[in-house]
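The values are calculated or read from the model by the stated rules, or taken from the named source; none is laboratory data. Given the structure is predicted, the values throughout are model-derived calculations rather than measurements. Cβ: placed from backbone, ideal geometry, glycine included. Neighbour counts: every protein chain shown. Side chains included, ligands, DNA and RNA excluded: accessible areas come from the protein's heavy atoms. Shrake-Rupley method; radii C 1.70, N 1.55, O 1.52, S 1.80 Å.
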Amino acid sequence: MTLLEPVPPSDLVARIDHLKRRRHAVILAHNYQTAEVQDIADIVGDSLALAQQAARIRDAEAIVLCGVRFMAETAKLVNPSRTVLMPDENAGCPMANMITPRQLADARQRHPQAAVVCYVNSSAAVKAASDICCTSSNAVRVVASIPDDRPVLFVPDQSLGDFVARRLHRDLILWPGYCPTHHRILPEHIDARRREHPGAVVLVHPECTEEVRRLADFVGSTAQIIDHVLHSAEQTFIVGTEMGICHTLARRAPQKTIVHVTPLADCPNMKLTTLEKILWCLDEMQTPVEVPDDVADGARRAIQRMLDLS
Ligand code: 13P
Ligand code: SF4
């Protein structure tokens, strides 16, 4: 038996670069991707930035989306004439699967006056059945754009919805979905890191539970956490979100000390994308993401309303 040597990472990077040019492709990666994936990406950002950047792409034929399915679907919806590829088509978001279009239709019947605000961490079909999308960067602004006297049904993330409700002092109807990765972050993790790093600034994502958010100095999306670190005069930050962001921060703010809250905050879906799969994806042009015609227009409308407000 002959066991082939694995391709060394430096060869993988060179081959990805070569194929990327041949395929006229651009690589977009979320802040939660692994260090090596972030390092070969053309653009690294939060969900909102990836949607905005994908919409602007004109001079590339293919977009390789290193993230999870809803991000690739969003890129396809905002730029339908490009081929959008997922290096691993199994990279889904468990929270997005916590609501189906039928469940949303039932909830709408129970709350016929409500505007439905849908976190982008959702399927295209659920977006199509919603009035407007939001990301964690703009959720407060999106909900604030809805007249005060209109009820709001916020799906599917109860934690982000609760964060928005508290910010706006507004009673929202919350869907009981949640992010399993962020809900693994517990108050005792924050307390332990604070004891190890007295005086450090605690930054957490709004997908965290209220018990965790209450302990933080700042709550924001991944892009807002990065901006906070970049513009703060402080030196040491305890970061309560998925661990991939620590690489983004180390790259963008190398002079700052970044302490991750707990190794439990590791999203297995985000880690499905590897350099090998990106190479394969560019080589085989697999796997293209398609959004069914019967939901594409409605989903695009809900995303576009959000982009118009951002
Ligand atoms: P952003 O804060 O980057 O929008 O990310 C949230 C998230 O969980 C993406 O999966
Ligand atoms: Fe979904 Fe949470 Fe993973 Fe983001 S971190 S993709 S919300 S499971």
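A few remarks follow.
- Scanning the chain for trypsin sites (Lys or Arg not before Pro) lying in DSSP loops with no more than 16 further Cβ atoms inside 10 Å, the longest uninterrupted stretch between such sites is 59-169.
- Positive-end extreme of charge dipole, the chain - chosen from Ala144, Val13, Asn79 (charges on Cβ): Ala144
- Tensor-based shape of the chain (alpha-carbon gyration tensor, a/c under 1.5 rounded, otherwise prolate or oblate): oblate
- The value of relative contact order for segment 114-178, using C-alpha pairs under 8 Å at least six residues apart, is 33 percent.
- Furthest towards positive pole of dipole, Leu153, Ala128, His111, structure part segment 100-162, Cβ charges: Ala128
- Value of relative contact order over the chain, rounded to a whole percent, pairs C-alpha under 8 Å and six or more apart: 23 percent
- Given charges at beta-carbon only (K, R positive; D, E negative), |dipole| of segment 168-310 in Debye: 520 debye
- Approximating the spin labels as points 7 Å out from Cα along Cα→Cβ, the Arg305-to-Leu4 distance works out to 5.0 nm.
- Using the rule -39500 (n - 2.57) for each DSSP H run of four or more residues, divided by the residues of the chain, the 222 nm mean residue ellipticity is -12000 deg cm²/dmol.
- Whether segment 168-293 is rounded, prolate or oblate, judged on the alpha carbon gyration tensor where a/c under 1.5 counts as rounded: oblate
- Cα gyration tensor, segment 88-191 - rounded (a/c under 1.5), prolate or oblate: oblate
- At most 16 other Cβ within 10 Å, DSSP loop - GluC sites (Glu not before Pro), segment 1-98: Glu61, Glu89
- In this structure the amide hydrogen of Val201, modeled in the peptide plane, comes within under 5 Å of the amide hydrogens of Thr236, Phe237, Ile238, none closer than 5 places in sequence on its chain.
- Mean sequence separation of contacting Cα pairs (under 8 Å, at least six apart), scaled by the length of segment 1-121, corresponds to a relative contact order of 19 percent.
- Close amide H partners of His260, meaning residues 5 or more places away or on another chain with modelled amide H under 5 Å apart, are Val239.
- Accessible area per residue was computed with a 1.4 Å probe on protein heavy atoms; Leu153 scores about 0 Å².
- Of the GluC sites (Glu not before Pro) in segment 202-286, not one is in a loop by DSSP (not H, G, I, E or B) with at most 10 other beta carbons within 10 Å.
- Taking a straight line from the alpha carbon of Lys127, these lysines sit under 21 Å away, with near neighbours fewer than eight places off in the same chain left out: Lys76.
- Heavy-atom accessible area for Glu188, with the other protein chains in place and a 1.4 Å probe, reaches approximately 110 Å².
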